[in-house]
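Structure record follows, encoded as structure tokens.
The values are calculated or read from the model by the stated rules, or taken from the named source; none is laboratory data. Being a predicted model, the structure only gives us computed values, none of them experimental. Every residue, glycine among them, receives a Cβ derived from its backbone with ideal geometry; neighbour counts consider all protein chains shown. SASA here: full protein model, heavy atoms, side chains in, ligands and nucleic acids out. Shrake-Rupley method; radii C 1.70, N 1.55, O 1.52, S 1.80 Å.
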Amino acid sequence: MKLKLLDKYILFKFLTTFVFVVLILIAVICVIDFVEKNDDFIQHNLPVKTIIFDYYVNLIPHYINLLSPITVFIATVFVTAKLASHTEIVAILSSGVSFKRMLVPYIIGSILIGIFIFFFASYVIPTANKTRVAFEIKYVKNPYTFEGRNVHFRIGPETFAYLESYNNHANVGYKFTLETIKNQELFSKLSSESIRWDSLTQKWHMDSYTLRTFKGDKEVVFQGGALDTTINMLPKDFASTYRLKETLTNAELNALIDEKVLRGATDVEMYMTEKYERMSYPFAITVLTIIGVILSSRKVRGGVGLQIALGFILAFVFIIFVMMSRSLASVGGIPPQLAAFVPLFVFTIIGIVLYRTVPR
């Protein structure tokens with residue numbers, strides 16, 4: 001469909017306002033964040049260059065994505081309310097352009113923003129977050145200590161590992177067992193009092209071990225000395241998972257989900273929710289844009305302040321829905337696929353109701 005002059009006019013106003021709102025909100029957030037973390041920066045005597053380029057340059061893309069529903073909604077409400085206050089919408093509709101046709105440039109703009117946000121969140125932001133999260137772990141967060149007890153891993157189709165505890169500072173695991181189960185029967189069991197990661201050989205080292213092999217009703221026991229072995233378990237499995245999902249590209253996120261499903265991990269829902277949220281955000285942006293146009297297309301007394309305030313409120317309600325759905329998915333309350341799209345479904349229904357009931 002060929003864009004008319006009116007389409008280009010609305011589209012230009014919409015996109016430029018979106019960029020303006022993003023810049024304003026990001027500037028405010030960065031100032032607040034700097035005030036909050038300034039003591040940590042001073043404590044570590046960090047140079048300004050490191051703070052700016054290692055942290056804030058990589059923090060900005062994160063907030064662009066996080067605030068995209070809010071910024072899009074606010075931009076939509078602001079542009080449409082200004083058009084309405086100048087009686088431009090009345091002129092547009094009086095000239096024979098239907099309300100549905102007037103939505104076209106908004107929808108095109110929201111699709112462009114949605115595509116940009118999807119690829120931004122899938123590839124650019126994870127790369128930036130790797131540096132940002134590493135910075136926060138090193139200079140802002142307290143040193144991480146693995147506190148898990150009685151840890152079980154499925155490290156292969158028929159292989160299971162167990163650790164009573166693990167010291168992530170020394171990379172030593174205690175009360176280690178490695179079991180091979182075939183056809184629901186225990187085939188072998190290797191156990192050791194401790195297992196230590198050797199960074200030079202990139203292998204796990206045991207000072208001594210006991211290997212039990214089961215053949216029918218018979219058990220063969222072998223006591224061994226030092227042993228180096230390679231298994232599908234690494235020190236990173238016991239490292240901090242602080243904001244890990246935000247540092248993964250789509251391919252890395254899918255690989256981690258597959259690994260966690262294989263191991264029977266209990267936190268796989270959190271990563272699956274992140275995966276589907278990235279898919280749902282572009283659609284949510286379009287829905288919120290349409291709702292914004294519907295709510296702000298009428299000229300009201302007192303200016304556009306009330307409509308912009310309403311835009312803020314609804315955008316924050318959307319974010320609250322996202323957070324609630326994410327929390328429910330993380331505890332297994334609802335499937336991750338459903339959790340990621342619940343806010344979209346709810347606001348789609350709201351949009352349909354508003355379209356049919358709000359006078360324009």
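Descriptive notes on the structure:
- Once segment 251-275 is narrowed to residues that are touching a residue at least 40 places away in the same chain (Cβ under 8 Å) and surrounded by fewer than 17 Cβ atoms within 10 Å (Cβ to Cβ), the residue that is nearest to residue 110 (Cα to Cα) is 252.
- Pairs, first within 17 Å of residue 184 (Cα to Cα) and in contact (Cβ under 8 Å) with a residue 12 or more places away in the chain in segment 146-162, second open to solvent by 80 Å² or more (accessible area, probe 1.4 Å) and among the hydrophobic types (A, V, I, L, M, F, W, C), C-beta under 8 Å, six or more apart: 158/187
- Within segment 205-232, considering residues that are part of a loop (DSSP other than H, G, I, E, B) and closer than 15 Å to residue 161 by Cα, the one least open to solvent (accessible area, probe 1.4 Å): 231
- For segment 10-53, the set of residues classified as in contact (Cβ under 8 Å) with a residue 60 or more places away in the chain, closer than 30 Å to residue 100 by Cα and open to solvent by 50 Å² or more (accessible area, probe 1.4 Å) consists of 13, 15, listed by residue number.
- Residue list for segment 57-103, filter: closer than 15 Å to residue 17 by Cβ, open to solvent by 60 Å² or more (accessible area, probe 1.4 Å) and not hydrophobic (A, V, I, L, M, F, W, C): 82, 86
- Within segment 233-242, none of the residues are in a strand (DSSP E or B) and either under 34 Å from the mean Cα position of the chain (by Cα) or at pLDDT below 95 (or both).
- Among residues of segment 337-353 that are closer than 12 Å to residue 281 by Cα, those with a beta-carbon under 9 Å from a residue that is open to solvent by less than 50 Å² (accessible area, probe 1.4 Å) and among the basic types (Lys, Arg) at least six positions away or on a different chain give the pairs 340/278.
Listed here are the residues, each with its yes/no results for (1) assigned to a helix (DSSP H, G or I); (2) more than 26 Å from the chain's Cα centre (by Cα); (3) of a type outside the set (D, E, K, R); (4) within 18 Å of residue 108 (Cβ to Cβ).
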| site | (1), (2), (3), (4) |
| --- | --- |
| 10 | yes, yes, yes, yes |
| 13 | yes, yes, no, yes |
| 30 | yes, no, yes, no |
| 34 | yes, no, yes, no |
| 54 | yes, no, no, no |
